[in-house]
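**Student:** I am attaching a structure below and will ask some questions about it afterwards.
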Amino acid sequence: VKNVVGREDGGVGLLGQRITVGGWVKTGRSSASVIFVELNDGSGPLNLQVVVDPNLEGASQVTLTGTCIVAEGVLKEPPTEELKVKQKVELHVEKFVHVGLVDSKTYPIAKTRLKLETLREHLHLRPRTNTISALARVRNALAFASHTFFNQHKFLYVHTPIITTSDCEGAGEMFQVTTLLNDAEKAKHETSDSSIVLPVPGESKPAEIAKPRKLIAGIPHKDDGKIDYTADFFARQAFLTVSGQLQVEGYACALGSVYTFGPTFRAENSHTTRHLAEFWMIEPEIAFADIEDDMNCAEDYIKFLCQWLLDHCFDDMEFLAKMYDKGAVERLRMVATTPFVRITYTEAVETLRKVKKKKFEKKVEWGIDLASEHERYLTEEIYKKPVIVYNYPKDIKAFYMRLNDDGKTVAAMDVLVPKVGELVGGSQREERLEVLVQRLKEMNLPQEPYEWYLDLRRYGTVKHAGFGLGFERMILFATGIENIRDVIPYPRYPGRADF
Ligand code: 4AD
Ligand code: MG
């Protein structure tokens, strides 16, 4: 379809040609003499109008929304000038090569304009809709733009692990990774007393000498009531990563400018429109860089993404703007060209404390973690553009952030944007071994699991900085979609990991 109506000339150059197209029916209308079908194949927001003679074999079945057809035919001009305004060509079908029927009585998304909330019940079918397919293309464009930006700036893409023993943010919001015991292990467990120790996989030493593999829990199986036992697989407790930062720092401190881009996981019990349990993050890390370089990089990157959507995804952006947020395209233009505001945390707090018009749910005082209501007020009401807040109180930020000379704040920065609030969190990293060790102590974190990370300071330490951009939040910001659950194909949040 894209190669026909998606062409610059709307397909006029192909008039008279015999072509084959495949797609899914958006809508169909039939009369005694003719059947019209709007066909979309997901390549873009535009449909191809398909004209079918009702007497053609299989014709009666193709009007139902969701039907898949592959049709052979000739491209012709629409019969009237009025119709030509909408569509420059239409396909006159001569033969159906394939028809994938739908049962319209049970097809859950047969109706047009279902609420996004309703579509969330049908995650596997919702990409058939205009909105979710547009969002999938925007998401793809932003991923490609991210790789393009960082590669243009000679950043190296590093794959960091999903399974890790390190809690990067030190917040304890991690999903533990365990295995189900196999039948033999289970039998052994069920016949012995509960103090069984299983060998670590791959260790040939007897269990008493090898590090014990700890039994975690027995959970009743949902069908037959049998017990499934889970156990540690690794020699120590392992988790899904909350951020690739710590590991990517190792590569920055050897290769200079690097980034990682992958799924990250947070077991925070947040039921908001801005939080997911599984989300994607782009995390650049730059050696020889300080907090200001970090802010510059984040600002350039966000601007690049906005401009990229205007240049490469304009039709989808226009469609989404029309449907969900009239100002979305204008906002992209503004962000791509306007310098971001930069204020310290202390200035942000002072500014918010002067606000008389609005009463915040959470009182603004120096030392608080800014809430979404504060972040959005700064960007939507006061500055009306992205705001970078830097130098946060050390007590509300992670252990790895560089302590400022005042002893009270750290060289952290958050990029706040309208509609979303926090889009980016980053910092200059603490490169001084003694200070970092002290910070771990202050935050009651054990030093032993972070020894490898401290090595980066023991051996050839260097000033460095980086940030993480929440990929789904970027899509929310760009498109104006309200709920983060609609901008990732298969959202995971408290209570839901279906499909
Ligand atoms: O501010 P955060 O927690 O920072 C880090 O994880 C750092 N280690 C990043 C770094 O410096 N390399 O998370 C970064 C961004 C946030 O600004 C937000 O956009 C997004 O990740 N984010 C979430 N997005 C969706 N759902 C959640 N639960 C999120 N938590 C954070
Ligand atoms: Mg943050």
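**Student:** If you average the C-alpha positions of the stretch 96-128 and of the stretch 131-192 separately, how far apart do those two centres end up, in angstrom?
**Tutor:** The stretch 96-128 and the stretch 131-192 have Cα centres spaced 30 Å from each other.
**Student:** Assuming 0.36 nm per residue, please report the length gained on full extension of the stretch residue 357 to residue 292 beyond their Cα-Cα distance.
**Tutor:** Numbers: separation 65, 0.36 × 65 = 23.40 nm, distance 3.28 nm.
Separation in residues times 0.36 nm, less the Cα-Cα distance, equals 20.1 nm.
**Student:** What does the C-alpha gyration tensor say about the overall shape of the stretch 280-405? Classify as rounded when a/c is under 1.5, otherwise prolate if a/b is larger than b/c, or oblate. Could the numbers behind the result be given before it?
**Tutor:** Working: a/c = 2.38, a/b = 1.29, b/c = 1.84.
It is oblate, given that a/c is not under 1.5 and a/b is not larger than b/c.
**Student:** Compute the separation of the alpha-carbon centres of the stretch 26-66 and the stretch 248-281 and state it in Å as a whole number.
**Tutor:** 44 Å
**Student:** Follow-up question, since we're still on this one. Tell me, what is the FRET efficiency for residue 92 and residue 326 to the nearest 0.05, using R0 = 25 angstrom and their Cβ-Cβ distance as r?
**Tutor:** Working: r = 38 Å, r/R0 = 1.51.
In this case the efficiency is close to 0.10.
**Student:** Quick one: what are the phi-derived ³J(HN,Hα) couplings along the stretch 475-480, Karplus 6.51/-1.76/1.60 with θ = phi - 60°, whole Hz, x for glycine and proline?
**Tutor:** Once θ is set to phi - 60°, the couplings for the stretch 475-480 become 5, 4, 4, 5, 9, x Hz.
**Student:** Quick one: what are the phi-derived ³J(HN,Hα) couplings along the stretch 30-40, Karplus 6.51/-1.76/1.60 with θ = phi - 60°, whole Hz, x for glycine and proline?
**Tutor:** So the Karplus estimates, Gly and Pro as x, are 9, 10, 5, 9, 8, 10, 10, 10, 8, 10, 10 Hz.
**Student:** For a quick check: with amide H placed at 1.01 Å from N, whose amide H comes under 5 Å from residue 174's, ignoring anything fewer than 5 positions away on the same chain?
**Tutor:** Amide H neighbours of residue 174: 267.
**Student:** Could you tell me which trypsin sites (Lys or Arg not before Pro) in the stretch 301-340 are loop residues by DSSP with no more than 15 other beta carbons within 10 angstrom of their beta carbon? Write out the running numbers ahead of the final one.
**Tutor:** Numbers: sites: 303, 322, 326, 331, 333; in loops: 326.
Counting only loop positions with at most 15 other Cβ atoms within 10 Å, the trypsin sites (Lys or Arg not before Pro) in the stretch 301-340 are 326.
**Student:** Before rounding to the nearest 500, sum -39500 (n - 2.57) across all DSSP H runs of length at least 4 in the chain and divide by the residue total; then give [θ] at 222 nm in deg cm²/dmol.
**Tutor:** Details: 13 runs with 137 residues, N = 499.
My calculation for the chain gives -8000 deg cm²/dmol from helical runs alone.
**Student:** Based only on other Cβ atoms within 10 Å, what is the fewest-to-most ordering of 36, 279, 314? Write out the running numbers ahead of the final one.
**Tutor:** Values: 36 15, 279 21, 314 12.
So the ranking, lowest neighbour count to highest, is 314, 36, 279.
**Student:** Relative contact order of the stretch 233-322: what whole-number percent is it, with Cα pairs under 8 angstrom and at least 6 residues apart?
**Tutor:** 24 percent
**Student:** Further question: Express in nm, to one decimal, how much length is gained between residue 171 and residue 435 on full extension, taking 0.36 nm for each residue of separation and deducting their alpha carbon distance. Don't skip to the answer; put the middle values down first.
**Tutor:** Numbers: separation 264, 0.36 × 264 = 95.04 nm, distance 1.98 nm.
Working it through step by step, the gained length comes to 93.1 nm.
**Student:** Mind sorting 498, 294, 224, 455 by how few other Cβ atoms lie within 10 Å of their own Cβ, fewest first?
**Tutor:** Details: 498 11, 294 27, 224 6, 455 14.
By the 10 Å Cβ count, ascending: 224, 498, 455, 294.
**Student:** Rounded to the nearest 0.05, what FRET efficiency do residue 234 and residue 451 have when you use their Cβ-Cβ distance and R0 = 25 Å? If you can, show how the numbers build up before the last one.
**Tutor:** Values: r = 17 Å, r/R0 = 0.67.
Between residue 234 and residue 451 the formula returns 0.90.
**Student:** Compute the helix-to-body angle for 245-255: its Cα long axis versus the longest principal axis of the chain, expressed 0 to 90° and rounded to tens.
**Tutor:** 90 degrees
**Student:** List the residues, sorted by chain then number, that are 5 or more residues from residue 281 or on another chain and whose placed amide H is less than 5 Å from its amide H.
**Tutor:** Under 5 Å from the amide H of residue 281: 262, 264, 471.
**Student:** Next question, about the same structure. Per residue, how big is the convex hull around the C-alpha atoms of the stretch 12-100? Give it to me in cubic angstrom, could you? Don't skip to the end; give the middle numbers.
**Tutor:** Working: hull volume 8.4 nm³, N = 89.
Spread over its residues, the Cα hull of the stretch 12-100 gives 94 Å³ apiece.
**Student:** Can you pick out the pairs among 2/419; 154/322; 86/115; 105/419; 397/419 whose Cα atoms lie more than 30 Å from each other?
**Tutor:** On the way: 2/419 32 Å; 154/322 37 Å; 86/115 26 Å; 105/419 38 Å; 397/419 23 Å.
Violating the 30 Å Cα-Cα cut-off are 2/419; 154/322; 105/419.
**Student:** Related question: Treat the count of other C-beta atoms within 10 Å as a stand-in for reagent exposure and order 308, 366, 24 from fewest to most.
**Tutor:** Values: 308 20, 366 12, 24 17.
Going from least to most buried by this count: 366, 24, 308.
**Student:** Here's a follow-up. In the chain, if the dipole is taken from +1 on Lys/Arg beta carbons and -1 on Asp/Glu beta carbons about the Cα centre, which of 343, 85, 152 is farthest to the positive end?
**Tutor:** Most positive-ward Cα: 85.
**Student:** Just flag the trypsin sites (Lys or Arg not before Pro) in the stretch 234-299 sitting in loop per DSSP whose Cβ has no more than 16 other Cβ atoms within 10 Å.
**Tutor:** Values: sites: 236, 266, 274; in loops: 236, 266, 274.
Hits after loop and neighbour filter: 236.
No lab work stands behind these numbers, since they all come straight from the coordinates. The model shown is predicted, which means the values in this text are computed figures rather than measured ones. Cβ sites come from the backbone with ideal geometry, for glycine too, and all protein chains shown count toward neighbours.
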